[in-house]
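What follows is calculated from the coordinates using simple rules that are stated; it is not laboratory data. Source: prediction; values computed, not measured. Glycine also receives a Cβ, built like all others from the backbone with ideal geometry; neighbour counts cover every protein chain displayed.
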Amino acid sequence: MKQLALGFLLSLPAAFAVAAADGAALFKQHCALCHGKDGKADTPAAKKFGAKDLSASKTEDAEIIRQIREGKRDDKGKQLMPGFGEKLSADDVTALLEKVKSFRQP
């Protein structure tokens, strides 16, 4: 019985790692249509809506998080990017932030 309990306790970190948010999957699901699989915004939707090339982005983390949660509007208030705040958990947003930043060129 002790071995079973020990095995269970040792497997907990792995279970949490599997449950952790997957930034790549979230990006593919919510962002790639406009920003492209490589983040370079070379898609028809990017051209239509003016999506940003993430490889050239220097946007601060707080602003990226705000845009993920609230979306983005132009100067006239027209919605350019939908917000995902109600669809994503805090962990999802953090994972997506890291994925977005991973496209940056040095």
For this session: Please list, in chain and number order, the residues 5+ apart from GLY36 or on another chain whose amide H is under 5 Å from its amide H, with Hs placed from the backbone.
Result: ALA41
Problem set entry | Overall form of the range 53-106 per C-alpha gyration tensor (a/c, 1.5; a/b vs b/c) | oblate
Exercise. Using the Cα gyration tensor of the range 16-65, with a ≥ b ≥ c the square roots of its eigenvalues, what is the shape: rounded (a/c below 1.5), prolate (a/b larger than b/c) or oblate (neither)?
Worked result: oblate
For this session: Any chance you could run the full-extension gain for GLU60 through GLN105? It's 0.36 nm times the residue separation minus the Cα-Cα distance, nm to one decimal.
Result: 14.7 nm
Exercise. Taking 0.36 nm per residue of separation and subtracting the Cα-Cα distance, what length does fully extending LYS37 through SER89 add?
Worked result: 16.5 nm
Exercise. Roughly how many nanometres apart are two label points built 7 Å out from the Cα toward the Cβ at GLN79 and ALA45?
Worked result: 1.4
